[in-house]
Structures are given as structure tokens and as C-alpha cells.
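Here is the structure we will look at, set down as C-alpha cells.
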Amino acid sequence: MQAGDRGRAAEERACHYLADRGLVLLERNYRCRRGEIDLILRDADTLVFVEVRYRRQASFGSAAESVDRRKQTRLSACARQYLQARPHAARTGCRFDVVAIDGPEHVIEWIRDAFAVIE
């Protein structure tokens, strides 16, 4: 399986995992000039921007550790653009979650409210 296929499989696994916990998928792979948001879901009355990270091995750190400050800044900018284009969505609360999938066992860690919006 190639890297792109592994990434898509990880996103699909994360999407099912979150749906099983009551979140509703709104959009997948939202792209803008500032970057991409893997999954956008609704959790009750909260809009959830989700970054999915997969690491086959922890040689360079865990999947969760790979969502560094630079990645958080790009996600924040992309989320702002998403909200500006959808004023109705901007009226609800939002948060950033990370779904980290590690190792050949595909251990899933869901980090709710993983970071705050970065200006």
C-alpha cells in the first residue's frame, strides 16, 4: 500500500470512528489556498475540524506529535477561510480535534479540543 492509500485509509478509519461516537460528517478534504482540513464534522452544536495523522512507526515521534505549531497555524487559517465562506457555520462554536493512528495495530487516539485557534 502506498503512502497516499495509507492516508486515505487512515482518514476513512477516523471518519468511521468519529461517526460511531455520534459525530456527523459535513465535509471531507476541504482545500483552500492556505491548506487542507481532513474532516469537518458536527458534534451536537459544535463544528469540529479534524486533522488525521497516521504513523506506521514512531521513529520520528507519534502521529499526535506530528501536529506541530506550524501545522496548527495552517489548520487555523484554513478553518477561518471555511467559516468566512459559510456565515451560518460561523455562528456555532468550533474546535480542533486530532485523530492519531499509530503503528501496525492502528491504535486510535482521539484528542478532543487538541489546540486553540492560532492567529
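Things to note:
- Exactly one residue out of R34, R6, R56 is at pLDDT below 90 and under 26 Å from Q84 (Cβ atoms): that is R34.
- Taking every residue in the stretch 45-58 that is farther than 16 Å from R8 by Cβ and pairing it with any residue that is in a loop (DSSP other than H, G, I, E, B) and at pLDDT 95 or above, at least 6 positions away or on another chain, the pairs with Cβ-Cβ distances below 7 Å are V48/L23.
- In the stretch 1-47, residue nearest to V107 (Cα to Cα) [restricted to those that are assigned to a strand (DSSP E or B) and among the aliphatic types (A, V, I, L, M)]: L39
- Any hit, the stretch 14-31, residues being touching a Lys or Arg at 6+ places or on another chain (Cβ under 8 Å), modelled with pLDDT under 95 and not β-branched (V, I, T): no
- Pairs meeting the criteria (first residue in the stretch 65-82 and closer than 17 Å to V99 by Cβ and in a helix (DSSP H, G or I), second residue at pLDDT below 95 and aliphatic (A, V, I, L, M), beta carbons under 7 Å, at least 6 apart or on different chains) are Q72/I118.
The values are calculated or read from the model by the stated rules, or taken from the named source; none is laboratory data. For clarity, every value in this text was computed on a predicted model and none was experimentally measured. Ideal geometry is used to build each Cβ from the backbone, glycine not excepted, and the neighbour counts take in all protein chains shown.
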